[in-house]
Amino acid sequence: MIAQYLARRLLEAALAVLVVALLVFGLFHLMPYNVAAILAGPRATAAQVAATAAALGLNLPLPLQFLRWLGDLASGGMALAVQMAMPTLELLLLASAVGLALALGLAELQVRAPGSVWDRLAATAAYVLYTLPSFWVGFILIYFFAIELLWLPATGPTLDPASQRAWPLYMVLPVLTLALTTIATWSGGVRAAIEESLRSDYVRTARAKGASERRLFRRHILRNALLPVITTAGMSLPGLFNNIIAIEYLFAMPGLGAGLIGALIAFDFGTAVDLVVVIAVVTVLGSLVADVCYVLADPRIQYR
Amino acid sequence: MTRGLSKAPASSPELPPDAPDARRGALRFLRRLGRQRAFWVGGGLLAFLLVFSFLGPLIFAYHAGETEIRVAQQFLPPSLAHPLGTNVLGQDELAQMMIGGQAPILAGFEATAIAAAIGILLGMAAGYGGAAADSLLMRASDVVLSVPQVVPILLLDALLQPGTQVLVLVVALTAWPPMARAVRARTLALRSLPFMEAARAGGAPLGRTLRRHLLPNLLDDILVTGAQVFANVVLVMAITTFVGLGLPPPWNWASMFAGDMNGVLGGQWWVVFPPGIAFSLLLLSVSLLSEGLRHALNPAYGGQAAA
């Protein structure tokens, strides 16, 4: 039953990614540029331009180009794009984990002692974070921790081997930046989920049985509140990409955002299509994983 | 507008929306609004930003908008002549800050208005138009939501270098789903309530039913979601501008931020903080304003005040 559900969802996801690829192909095809002439260079002769166009298959009709691209895909044509995506995925996963932990911590502070100084501080922190663009958060962190205190490097891990050796150190500020911007979007949902859980019968029962506040929160409230949080996290993935692009630029990190901007500015449409498709795969898979986790975590939900 | 604002809140939807005390309702609304601290703080902040950005340049125009580079005046610290110092091009930072606010504020409100209009129309159609329309429109919003907003914007930006108006339109086309969802949810909840049924039974035409009876009761949700949409479009435009695409010149807060960042490495920190703080103030003001309006519109609305 779950296998059937998974197969159907995977098929849907693959279809969605194909549609995105088709759209991007169509968009590039409509652009008023002679890509072959640009890529062949300013001093290329007409014959060289024609050769470039032929080598890239730009003379073929669009449907054939698309099929060719699909054929390349099967023979590892997206290896470069996938390689470019790795740093972004690391950033995304680490920041999601840190952001979720911070959002839950903030919510616990707010819920355990409503109306207290901590509650109001946490609410204010979430509210202030909401008004801070990601590059502004990142800059403040760089300014204090890298420039004034000299504790951490001012960039993320770049292609420089020195930064790759000290990878964890270089990842601290980018991960923290992305985590802080995710808190702004998550903490409201987390808090609402916890409050709803608080009002439920099972929490009253557990409290009546004498469960400690700590056990009550960890075992009874958190577990049930996690369900809506999983959905929010899966759905907020595309939004996270908005911030990832700014953060990669700010911290001079390689990745999907930097790669996409570079490819677009260089008119390297082939790489740009691959990168957009990788981004689509990541977001579609993200919501798929969230849905599957949701189904696995809550036996009441029917597979549809 | 004032008539619309006085309509029955969700807590007592059985009040006929054309009650004779509409005028007294408007007065009550204004009195409640006057008591909202969030409304005054947010409104004051927004008014300040508007005066600063649109009237300020008329009074304080110090080499603003010039692109000539004055090396000798690069990164001067704050002084009487240059209250916020000078930037990477040797321009007065305060004058640049004033001009730099125009594009983000205008483009932000324009994109919000377009996205809200699309979202409200589609949301009402989905909530009121039956199952087929509902499922089609929600699918469409799922598709838009699943694409990172910056991707289509960056593609169009890099390839066509569109003007501000095209950019605003594209941003709006990526930003409407939250509004459509909020409006749809509330429409579904309201459509079978007695006052809606009475309107239908009374033979009111569809357009009038939606405009006079449904829309006023959606206003508080529209305001809350509208503030979120505003924050979203301002941030998305700021991010695309920050990475070198997005809003075209003249310089605005986001491109100033990107251009002046390098000054910090040389110890000139003062040039980067003003644009960053300005963005925060803009988002804060609109958020507080909508919070105040919402509480005044519908005192029964849940949630906490922010200020």
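The values are calculated or read from the model by the stated rules, or taken from the named source; none is laboratory data. This structure is a prediction, so every number in the text was calculated from the model and none was measured. Positions of Cβ are generated from backbone atoms using ideal geometry, with glycine treated the same way; all protein chains shown enter the neighbour counts. Ligands, DNA and RNA are stripped out before the accessible areas are found, and what is left, the full protein with its side chains, is counted by its heavy atoms. Shrake-Rupley method; radii C 1.70, N 1.55, O 1.52, S 1.80 Å.
Scanning segment A:260-276 for residues that are within 11 Å of chain B (Cβ to nearest Cβ) and in contact with a helix residue (DSSP H, G or I) (Cβ under 7 Å, 6 or more places away or on another chain) returns A:Leu260, A:Ile261, A:Ala263, A:Leu264, A:Ile265, A:Phe267, A:Phe269, A:Ala272, A:Val273, A:Leu275, A:Val276.
Okay, residues lined up against (1) part of a helix (DSSP H, G or I); (2) more than 14 Å from every other protein chain (Cβ to nearest Cβ):
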| position | (1), (2) |
| --- | --- |
| B:Ala172 | yes, yes |
| B:Val183 | yes, yes |
| B:Leu188 | yes, yes |
| B:Ala199 | yes, yes |
| B:Ala204 | no, yes |
| B:Gly226 | yes, yes |
| B:Val236 | yes, no |
| B:Thr241 | yes, no |
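When A:Leu58 is tested against (1) closer than 16 Å to A:Ala272 by Cβ; (2) part of a helix (DSSP H, G or I), only condition (2) is not met. Answer yes or no as to whether A:Trp118 is of a type outside the set (S, T, N, Q) and within 22 Å of A:Met253 (Cβ to Cβ). No. Of the candidates B:Leu214, B:Leu289, the single residue that is surrounded by 22 or more Cβ atoms within 10 Å (Cβ to Cβ), modelled with pLDDT of 85 or more, under 24 Å from B:Ala180 (Cβ atoms) and away from chain A (no Cβ under 11 Å) is B:Leu289.
Among the residues here, B:Ile105 does not qualify as buried (at least 17 other Cβ atoms within 10 Å of the Cβ), touching a Ser or Thr at 6+ places or on another chain (Cβ under 7 Å) and within 13 Å of chain A (Cβ to nearest Cβ). Restricting attention to segment A:249-270, which residues are touching a Phe, Trp or Tyr at 6+ places or on another chain (Cβ under 7 Å) and small (Gly, Ala, Ser)? A:Gly257, A:Ala258 - these are the residues of segment A:249-270 that are touching a Phe, Trp or Tyr at 6+ places or on another chain (Cβ under 7 Å) and small (Gly, Ala, Ser).
Listed by first and then second residue, the pairs with beta-carbon distance under 8 Å, at least 6 apart or on different chains, first residue in segment A:240-258 and farther than 14 Å from B:Gln149 by Cα, second of a type in the set (D, E, K, R) and surrounded by fewer than 22 Cβ atoms within 10 Å (Cβ to Cβ), form an empty list. When each of A:Val273, A:Val289, A:Val277, A:Val295 is tested for being in contact with a Gly (Cβ under 8 Å, 6 or more places away or on another chain) and either at pLDDT below 85 or farther than 21 Å from A:Leu178 by Cα (or both), the lone residue that passes is A:Val289.
For segment A:115-131, a tally of residues being at the interface with chain B (Cβ under 8 Å from one of its Cβ atoms) and either out of contact with any helix residue (DSSP H, G or I) (no Cβ under 6 Å at 6 or more places or on another chain) or open to solvent by less than 30 Å² (accessible area, probe 1.4 Å) (or both) returns 4. For segment B:135-155, a tally of residues being within 23 Å of A:Phe28 (Cα to Cα) and either hydrophobic (A, V, I, L, M, F, W, C) or part of a loop (DSSP other than H, G, I, E, B) (or both) returns 13.
Checked across segment A:38-51, the condition of being among the hydrophobic types (A, V, I, L, M, F, W, C), surrounded by 12 or more Cβ atoms within 10 Å (Cβ to Cβ) and within 14 Å of chain B (Cβ to nearest Cβ) holds for at least one residue. Inspect segment B:240-258 for any residue being among the hydrophobic types (A, V, I, L, M, F, W, C) and open to solvent by 60 Å² or more (accessible area, probe 1.4 Å) and give the result as yes or no. Scanning segment B:240-258, I find at least one residue that is among the hydrophobic types (A, V, I, L, M, F, W, C) and open to solvent by 60 Å² or more (accessible area, probe 1.4 Å), so the answer is yes.
When you scan segment A:155-163, do you find a residue that is in contact with a Leu (Cβ under 9 Å, 6 or more places away or on another chain) and either within 14 Å of another protein chain (Cβ to nearest Cβ) or at pLDDT 85 or above (or both), even just one? The answer is yes, given that some residue of segment A:155-163 is in contact with a Leu (Cβ under 9 Å, 6 or more places away or on another chain) and either within 14 Å of another protein chain (Cβ to nearest Cβ) or at pLDDT 85 or above (or both). Annotation: B:Ile114 fulfils all but one of (1) open to solvent by less than 50 Å² (accessible area, probe 1.4 Å); (2) assigned to a helix (DSSP H, G or I); (3) touching a helix residue (DSSP H, G or I) at 6+ places or on another chain (Cβ under 7 Å); the unmet one is (1). Residue count for segment B:157-169 satisfying the condition of being facing chain A (nearest Cβ under 9 Å) and over 13 Å from B:Leu247 (Cβ atoms): 3.
The listed residues are A:Trp151, A:Trp167, and the only one of them that is of a type in the set (Phe, Trp, Tyr), in contact with a helix residue (DSSP H, G or I) (Cβ under 7 Å, 6 or more places away or on another chain) and open to solvent by 50 Å² or more (accessible area, probe 1.4 Å) turns out to be A:Trp151.
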